[in-house]
Amino acid sequence: MEAKLGVSLTSPLGLCYLGLHTLRRTSACMTTISELKQCMSRAAAAAATTFGPVDADAEWKPIATWPDYIDFIKNPPALEWMTRLLLPCKADDLGSTIRRMVRRILSPEMLAAVNYNGKGLGALSGSELGDTELAFRSVFLPSILRTMKAMYRDAAERPKDRDVELAVIAALKLGKDGRSRGRQGPTESGSQASAARVGTSQDPPPAKVRRSVQKVPDPIIYDADSDE
């Protein structure tokens, strides 16, 4: 640079040149930052227009009936919208995260009815749709996988798709088992204890012990005048 200027950079003229050069570079950087902010603002506005207002998911309620479930299949929201709906479900571990997502999507009643592969759902729902079309895997798994990618930008930290699927299967089974337990009556141990209490109260009283009393024979009285 000194060769081009023909002066020493430590000289007053050289120092003046360095100051102007630094100022020019700083101005260029500030212009770039300003342009980036404008781009981010335009992107945020476009996202709000495409996905709806920020609080749109506040109106969401878990799907609670088969008609609502079928309507969701026939008129699905954008995957981006579902991703934004499920993003707050992130927890400390994969299992807890998936359980939150599943409960965010379906009510307890539907969790007890829907299964991962859709077996028997066509007849259960009374819909013209087939089992595969009604399967949780077909309807909601794409949204869950997309949400996982948004949660974990680093692919090295992101759970594998197969691990996510297994967590979904476990969450659906847990919802079904929990609903089944809620419909059952008292547990076996409780029934046994109740029966034991009833049996105890109905036991016959102990038999009275009869003591036999031996009859003592009459004493023999001897006559003093007898010859004996």
Report summary line: Per the C-alpha gyration tensor (a ≥ b ≥ c, the square roots of its eigenvalues), segment 54-182 is rounded if a/c is under 1.5, else prolate if a/b beats b/c, else oblate; here it's prolate
Report summary line: Links exceeding 20 Å between C-alpha atoms in this model, out of Lys90/Lys160; Lys61/Lys149; Lys119/Lys176, come to Lys61/Lys149
Query raised in the report: When ranked by the protection proxy of mean other Cβ atoms within 10 Å per residue, highest first, what sequence do the peptides 96-108, 144-156 form?
Result: 96-108, 144-156
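Mind giving me the FRET efficiency for Thr32 and Leu79? R0 is 41 Å, r the Cβ-Cβ distance, nearest 0.05 is fine. Please report the intermediate quantities before stating the final value.
Values: r = 33 Å, r/R0 = 0.80.
After rounding, the FRET efficiency stands at 0.80.
Each reported figure results from applying straightforward, stated rules to the coordinates on display, with no laboratory input. Everything numeric in this text was worked out from a predicted model, so none of it was measured. Don't worry about glycine lacking a Cβ; one is built from the backbone with ideal geometry, like all the others, and counts go over all protein chains shown.
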